[in-house]
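The next block holds one structure in the form of structure tokens; read it before the comments.
The values are calculated or read from the model by the stated rules, or taken from the named source; none is laboratory data. Keep in mind that what you see is a predicted model, and the values were worked out from it rather than measured. Please note: Cβ atoms are built from the backbone with ideal geometry, for glycine as well, and neighbour counts cover all protein chains shown.
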């Protein structure tokens with residue numbers, strides 16, 4: 001082997017090692033930790049929280065995005081009738097949209113990222129609107145109007161959240177900051193796997209991204225019933241019928257007794273009052 005060949009091999013080895021060290025150094029700048037990997041849903045579930053923490057190089061802002069998988073959805077737009085009752089106006093179909101979307105940042109998202117960067121990484125409502133197809137049945141309302149109705153519905157259910165100044169940054173050692181944010185999952189949130197993406201931002205550009213995931217699933221008796229429905233459909237159906245029959249035999253008599261008690265509670269005082277009135281009337285005469 002010639003000296004030239006050995007020199008080239010040595011040079012290539014040094015370059016590869018330098019690249020590996022550089023990549024490891026970059027990857028070490030932004031970290032992601034979560035206080036749980038599974039959010040359990042039991043009989044008493046009323047929502048839960050996920051705490052996301054990590055470290056980022058000083059001088060960077062942090063954006064945290066939590067999303068469910070994309071799917072097709074539909075909803076009804078309502079309006080008040082002349083009788084002041086809410087009635088369905090028309091149906092809206094939305095394709096390939098997140099059921100749940102939460103965007104939390106250390107500053108206002110518009111102050112951290114320009115429109116082009118938000119669109120590139122699908123950050124914010126405007127970016128979502130560009131990526132989905134939304135149409136209403138029997139309506140001439142445009143996409144902006146329909147999407148606005150969609151966002152109102154999602155925000156009302158606390159499934160869509162965009163919140164600036166919600167990620168806390170605290171100074172750490174060696175030119176780094178620690179970040180922390182608490183993500184609130186409402187009780188309406190569907191089961192499934194959710195992506196947790198953390199972005200480091202500097203001078204209006206995303207310099208790094210790390211990704212994790214959290215699962216929301218049934219536990220306890222609810223999980224067992226769900227598994228039975230999936231794996232033993234016949235047994236599950238039979239048990240459902242038996243429970244319905246037993247409930248009918250137990251609840252129906254109980255309702256009848258309750259009605260009698262209520263009737264007695266209403267009628268008896270009237271009869272007692274009438275009897276007392278008659279007694280006093282006869283004694284006075």
Practice task
Could you list, in sequence order, all residues of segment 129-164 that are assigned to a strand (DSSP E or B) and farther than 23 Å from residue 105 by Cβ?
Solution key: 133, 134, 135, 136
Practice task
Check whether at least one residue in segment 168-188 is in contact with a helix residue (DSSP H, G or I) (Cβ under 7 Å, 6 or more places away or on another chain) and either free of Cβ contacts under 8 Å to residues at least 40 places away in the same chain or closer than 22 Å to residue 59 by Cα (or both), and report yes or no.
Solution key: no
Fill in the blank from the handout: Across (1) modelled with pLDDT under 90; (2) part of a helix (DSSP H, G or I), residue 75 clears everything bar (2)
Handout entry: The listed residue being touching a strand residue (DSSP E or B) at 6+ places or on another chain (Cβ under 8 Å), at pLDDT 90 or above and surrounded by fewer than 17 Cβ atoms within 10 Å (Cβ to Cβ), out of 135, 152, 96
Key = 96
